[in-house]
Amino acid sequence: MEPRVLKLVEMVLVFGGVLGFAVWQLVSVRRELRRDREKQAARDATAHQRPPAE
């Protein structure tokens, strides 16, 4: 193969890997933020419950 083609293939693979990693991290961080918000909402809901009247 020509050196030009090899350089192009290498660039595509490198940038594809970087882009894939960035997307994976973005999805992972969003998932963790959603889980943290759900946990906090559950804690807030239990904290605001009134104790039963005796």
Item to check | Integer Hz, Karplus 6.51/-1.76/1.60 couplings in order for region 16-22, x for Gly and Pro | outcome: x, x, 5, 5, x, 5, 5
Item to check | Kirkwood Rh and Cα Rg combined as Rg over Rh, evaluated for the chain | outcome: 1.58
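Readers should treat all values here as calculations from the given coordinates under stated rules, not as data from a laboratory. Model, not experiment: these values are computed from the prediction.
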